[in-house]
Amino acid sequence: MTHQVHAFEPPERFVAGTVGPPGERTFFLQARGGGRLVSVALEKVQMSLLAEKLEELLAEAHRRFGAELPEAPTALSDNEPLDTPVDEEFRVGTLGLAYDVDTATVVIEAIAAGEAEVEVELGGEAELTEDDEDEEPDDDLDRLRVRLTPAAARAFIDRARRVLAAGRPPCPLCGQPLDPRGHLCPRHNGYHR
């Protein structure tokens, strides 16, 4: 089976966004360019880690290579909703980050979850044969590859953080998200708050 590499180097637009009400949101990375639109689904934790690690990557590139660290650019701020239709190409299993010194750009790669990962999530058992162990696990998986300038990466980080903060407010006692139908707070021994 062949895999697809959706490459946007650079994209016209690359954003993080959600579909659905708080508590039931599906998180997406969406890239647009060259008449193409690609949306990939990921977990909230993955989006949070992507923003955090992108910030660290920019700081490290500045420290090691003297890369320019832009402040949050208001000109690049994108508050528009995701482009429609939002059709999930794949669910992200692995995220990769790199800084290309030659072009002074950040490379983000989102790799589809493999069959073994899906089986584990669904409660099934995945068996590895000797042949499977020799192969690189990500060789035949779909991927989204995006190349961004540091300014565009900073704008992406800011938007991702706004998207993450727009969810359900945290409980002041335990920090878990408050549900509009009630919250079983462990700090109150399971009583509704």
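Some values worked out for this structure:
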{"read-out": "Options Ala51, Ala61, Ala67: the member that is surrounded by 15 or more Cβ atoms within 10 Å (Cβ to Cβ), modelled with pLDDT under 95 and assigned to a helix (DSSP H, G or I)", "value": "Ala61"}
{"read-out": "Given (1) under 20 Å from the mean Cα position of the chain (by Cα); (2) part of a loop (DSSP other than H, G, I, E, B); (3) of a type in the set (Asp, Glu), number of the condition Glu89 does not satisfy", "value": "(2)"}
{"read-out": "In the stretch 13-48, residue modelled with the highest pLDDT [restricted to those that are open to solvent by less than 50 Å² (accessible area, probe 1.4 Å) and charged (D, E, K, R)]", "value": "Arg13"}
{"read-out": "Pro10 being open to solvent by less than 30 Å² (accessible area, probe 1.4 Å), in contact with a Lys or Arg (Cβ under 7 Å, 6 or more places away or on another chain) and within 24 Å of Ala151 (Cβ to Cβ)", "value": "no"}
{"read-out": "Pick from the stretch 160-193, criterion of a type in the set (Gly, Ala, Ser) and at positive phi, ranking: modelled with the highest pLDDT", "value": "Gly175"}
{"read-out": "Only one of Leu29, Leu82 that is in a loop (DSSP other than H, G, I, E, B), in contact with a strand residue (DSSP E or B) (Cβ under 9 Å, 6 or more places away or on another chain) and of a type in the set (A, V, I, L, M, F, W, C)", "value": "Leu82"}
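The values are calculated or read from the model by the stated rules, or taken from the named source; none is laboratory data. Keep in mind the model is a prediction, meaning the values are calculated, not measured. Quick reminder, even Gly has a Cβ in these numbers, built from the backbone with ideal geometry, and neighbours come from all protein chains shown. In case anyone asks, the SASA skips ligands and DNA or RNA and just uses the protein heavy atoms, side chains included. Shrake-Rupley method; radii C 1.70, N 1.55, O 1.52, S 1.80 Å.
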